[in-house]
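The values are calculated or read from the model by the stated rules, or taken from the named source; none is laboratory data. As the structure is a prediction and not an experimental result, all values here were calculated from the model. Backbone-built Cβ (ideal geometry, glycine too); neighbour counts: all protein chains shown.
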Amino acid sequence: MDTSTIPVSTPLPRPDSVPVHGARRRVVVTGGAGFLGSHLCEALLRRGDEVVCVDDLSTGRRENLDGFFADPAFTFVQADVSEAFVIDGAVDAVAHLASPASPPDYHRLPLETLAVGSRGTENALKLAVAHRARFVLASTSEVYGDPLVHPQTEDYWGNVNSVGPRSVYDEAKRFAEALASAYARTESADVGIVRIFNTYGPRMRPEDGRVVSSFVVQALNGDPLTIYGDGSQTRSFCYVDDLVAGLMAMLDSTEAGPVNLGNPHERTVRELADLVLTITRSVSPIDHQPLPVDDPTRRKPDITRAGAALGWVPQVDAEDGLRRTVAWFAARPQAVALAGSVLAGPQTAELPAPPRGEPARAS
């Protein structure tokens, strides 16, 4: 790897004691330069694990890894996990987070999204099996589609349109779950599956098209907040520190899952918009746009299994988490201004639903 452009920065503080799981481990994190992946890398390093971050930087960002490169326990490998890749040395655990995850990204990279969910997942599984390592798959609440069961429990099979515009992400993750489960049954792989619900916090890309980052950017710029539909659709928003704590607990466990990870406090998209406006003290108006195809009307995790199996419950309330997130964005005015121009452009991140009377889902 060419290190000439890697920023020199202060190493993360390293604990003198071993991690809570009993021994320092070498953990491979695919998609480690992304929003969630970089936070997981940081948490692992802080508790004393060695980390190998693998990312092709198609949606991840090198700047998310600032502060890690000077740490001797951190290694960065720029590679596409959908292709063959090599990890030298021991591997004790693999956290497979690699995938475009926001609508603009998987609409822009549909074939790549399917590839990383299929070939990328199998390559990561083969790495784990070869080293007899723990494997944790970061799946998604999108496997439930537009759910007919509320809240969503892990035994719900979902209501997914397999040919719709969101299917490249939904079905890639569903296939990844099937593949990981098959490896567990036939190859004795030590597999754990987590289904991640909406997560937010620092290091989100300002222009990534997710609802929290979009609302914060628009509010800070004084632009209208874009709400698709009437804003009555609900989501459950989990702060990134809580979500990473759940991922760490899954890595440290022998739980197979699937296990929902998310904040069970449900709120409407309009309520989220109002809270962002209050925190930012913005007077931005609301701009309603057509509801996208297959946009879920309700989304809320049942986290009973996470509590029982992992001892995990989220700790950060929405107002506190949003204040931290707004502060992080506000400290980057140039990036926020640039993202505002992107969000104000043609709406390509979401596709509008068909007119009333036409089916929104393939039968």
Worksheet item: Just a yes or no: is a residue in the stretch 91-101 of a type outside the set (Val, Ile, Thr), over 23 Å from the mean Cα position of the chain (by Cα), under 30 Å from SER167 (Cα atoms) and at pLDDT below 95?
Response: no
Worksheet item: Can THR297 be described as closer than 26 Å to ASN159 by Cα and either surrounded by fewer than 14 Cβ atoms within 10 Å (Cβ to Cβ) or not charged (D, E, K, R) (or both)?
Response: yes
Worksheet entry | Residue among THR297, THR278 that alone is modelled with pLDDT of 95 or more, on the phi < 0 side of the Ramachandran plot and among the polar types (S, T, N, Q) | THR278
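Within the stretch 190-241, track down each residue that is part of a strand (DSSP E or B) and of a type in the set (Asp, Glu). Before you say what the answer is, go through the steps one by one.
First pass over the stretch 190-241, keeping only residues part of a strand (DSSP E or B): 190-196, 199-200, 225-228, 234-236, 238-239.
Listed by number, the list holds a single entry, ASP190.
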Worksheet item: How do the pairs read when you match residues in the stretch 247-264 that are at pLDDT 95 or above and surrounded by 21 or more Cβ atoms within 10 Å (Cβ to Cβ) with residues anywhere that are of a type in the set (Ser, Thr, Tyr) and part of a helix (DSSP H, G or I), using Cβ under 7 Å and keeping only pairs 6 or more apart or on different chains?
Response: GLY262/SER141
Practice prompt. Count, please, the residues in the stretch 73-96 that happen to be under 13 Å from ARG26 (Cα atoms), touching a residue at least 40 places away in the same chain (Cβ under 8 Å) and assigned to a loop (DSSP other than H, G, I, E, B).
Written response: 6
Worksheet item: How many residues does the stretch 176-197 contain that are charged (D, E, K, R) and more than 21 Å from ILE303 (Cβ to Cβ)?
Response: 3
Worksheet item: Which pairs do you get when a residue that is without any contact (Cβ under 8 Å) to a residue 24 or more places away in the chain, found in the stretch 305-329, comes within reach of a residue that is loosely packed, with under 14 Cβ neighbours inside 10 Å and assigned to a helix (DSSP H, G or I), reach meaning Cβ atoms under 6 angstrom, with the pair 6+ apart or on two chains?
Response: VAL313/GLY307
Discussion item. Among the numbered criteria (1) in contact with a Leu (Cβ under 9 Å, 6 or more places away or on another chain); (2) at pLDDT 95 or above; (3) buried (at least 19 other Cβ atoms within 10 Å of the Cβ), which one does ALA330 miss?
Written reply: (3)
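Of the residues that sit in the stretch 312-327 and are of a type outside the set (A, V, I, L, M) and out of contact with any Ser or Thr (no Cβ under 9 Å at 6 or more places or on another chain), which one is modelled with the lowest pLDDT?
Only one residue fits best here, namely ASP317.
Pick from ALA178, ALA184, ALA128: which is crowded, with 20+ Cβ neighbours inside 10 Å and modelled with pLDDT of 95 or more? Write out each step before concluding.
Details: ALA178 fails: crowded, with 20+ Cβ neighbours inside 10 Å; ALA184 fails: crowded, with 20+ Cβ neighbours inside 10 Å.
One residue alone meets the criteria, ALA128.
The rows are residues; the columns are (1) crowded, with 21+ Cβ neighbours inside 10 Å; (2) within 21 Å of the chain's Cα centre (by Cα).
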site	(1), (2)
GLY201	yes, yes
VAL216	yes, yes
LEU225	yes, no
PHE237	yes, yes
VAL283	no, no
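Yes or no: THR113 β-branched (Val, Ile, Thr), over 25 Å from ARG26 (Cα atoms) and at pLDDT below 95? Reasoning before the result, please.
Working: β-branched (Val, Ile, Thr): yes; over 25 Å from ARG26 (Cα atoms): yes; at pLDDT below 95: no.
Answer is no for this residue.
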